[in-house]
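Undergrad: Here's a structure for you.
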Amino acid sequence: MANRTVKDAHSIHGTNPQYLVEKIIRTRIYESKYWKEECFGLTAELVVDKAMELKYVGGVYGGNIKPTPFLCLTLKMLQIQPEKDIIVEFIKNEDFKYVRMLGALYMRLTGTAIDCYKYLEPLYNDYRKIKSQNRNGEFELMHVDEFIDELLHEERVCDIILPRLQKRYVLEEAEQLEPRVSALEEDMDDVESSEEEEEEDEKLERIPSPDHRRRGYRDLDKPRRSPVVRYRRSRSRSPRSPSPRRERHRSKSPRRHRSRSRERRHRSRSKSPGHHRSHRHRSHSKSPERSKKSHKKSRRGNE
């Protein structure tokens, strides 16, 4: 009598809710100590207290196929069939993660495809760690979002064969579900937008400002310095060589320049007689050939 389903329970997927668990596992649960001691006489209100005491998730383990408390409470919920609002509160509970896992598994077993996607997909944003017991009785570490992903995509979870779930894209095409927006996609969009803004800022920094462009046009309008000036500046330390123009000017009229200098000397001698004598005296001291040449040159200049 204690293992029978409630009289007013509705059939799920065309069958008794307890039959969703395989017969071998179901009999092992009925024979377990936890089922006889802890699950006897539980109601929908008392199941919450037992779910808060859970420490890990799992199916059966060991050679004797012993069921975990998580699996026993799942079968008990299938037996008493609590209302949908209670299951939704299980899923929305953020304080006790194993209560949330229990409600998610029950929703996956009994809910429609739309309800499964509607209530389970938001749990992808829960990244808390949970303990899971494997068939060897060893504990493994996993996360809440991993457990939810298994519920939506795997065929078997906690040694229970899950009912067939309709594909999401089919429901989207039928306009029964809206396209899912992942929180990671929003973060990626924010990262991409920030990268694009940084690239735009770098491009703006590389582009010269309008003031800089105006200065560049003004510099183009200014006359450029000839390379000759740079050459003169670089050769400023070396002794300056006479320019070719001066050399040409000197080479053109050497006689005129000499005649003008001699006229000036002749005038200065005529004004100062003493100086004229001393100059003659000096000139006499020189060789006769040089004196003759100088007299000839002076005569030519006077002519």
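Undergrad: Could you look through region 42-59, keep only residues that are in a helix (DSSP H, G or I) and small (Gly, Ala, Ser), and pick out the one that is modelled with the highest pLDDT?
TA: Only one residue fits best here, namely 51.
Undergrad: Name every residue in region 95-114 that is open to solvent by 20 Å² or more (accessible area, probe 1.4 Å) and without any contact (Cβ under 8 Å) to a residue 24 or more places away in the chain, in order of residue number.
TA: 95, 112
Undergrad: What is the one condition in (1) surrounded by fewer than 17 Cβ atoms within 10 Å (Cβ to Cβ); (2) within 26 Å of residue 153 (Cα to Cα) that residue 91 does not satisfy?
TA: Failing condition for residue 91: (1).
Undergrad: I'd like to verify a number: residues in region 115-127 that are closer than 20 Å to residue 51 by Cα and open to solvent by less than 40 Å² (accessible area, probe 1.4 Å), how many?
TA: Adding up the residues that qualify gives 3.
Undergrad: Something else: Restricting the search to region 11-41, which residues are assigned to a loop (DSSP other than H, G, I, E, B) and buried (at least 17 other Cβ atoms within 10 Å of the Cβ)?
TA: Those that are assigned to a loop (DSSP other than H, G, I, E, B) and buried (at least 17 other Cβ atoms within 10 Å of the Cβ): 21, 32, 39.
Undergrad: Report, by residue number, each residue of region 128-180 that is open to solvent by less than 80 Å² (accessible area, probe 1.4 Å), hydrophobic (A, V, I, L, M, F, W, C) and under 21 Å from residue 74 (Cα atoms).
TA: Answer for region 128-180, where residues must be open to solvent by less than 80 Å² (accessible area, probe 1.4 Å), hydrophobic (A, V, I, L, M, F, W, C) and under 21 Å from residue 74 (Cα atoms): 130, 142, 144, 147, 148, 151, 152, 157, 158, 160, 162, 165.
Undergrad: Cβ contacts < 9 Å: first residue open to solvent by 40 Å² or more (accessible area, probe 1.4 Å), restricted to region 75-86; second residue in a loop (DSSP other than H, G, I, E, B) and charged (D, E, K, R), any location; separation 6+ or different chain. Result?
TA: Here the result reads 81/8, each pair linking region 75-86 to a residue that is in a loop (DSSP other than H, G, I, E, B) and charged (D, E, K, R).
Undergrad: Here is a follow-up. Determine whether region 51-72 contains at least one residue that is open to solvent by 50 Å² or more (accessible area, probe 1.4 Å), within 23 Å of residue 14 (Cα to Cα) and out of contact with any strand residue (DSSP E or B) (no Cβ under 8 Å at 6 or more places or on another chain).
TA: No, because not a single residue in region 51-72 is open to solvent by 50 Å² or more (accessible area, probe 1.4 Å), within 23 Å of residue 14 (Cα to Cα) and out of contact with any strand residue (DSSP E or B) (no Cβ under 8 Å at 6 or more places or on another chain).
The values are calculated or read from the model by the stated rules, or taken from the named source; none is laboratory data. Predicted model only: the values in this text are computed from it and were never measured. For neighbour counting, all protein chains shown are included, and Cβ atoms are generated from backbone atoms with ideal geometry for every residue, glycine included. Accessible surface is based on the protein model in full, side chains and every heavy atom, while ligands, DNA and RNA are left aside. Shrake-Rupley method; radii C 1.70, N 1.55, O 1.52, S 1.80 Å.
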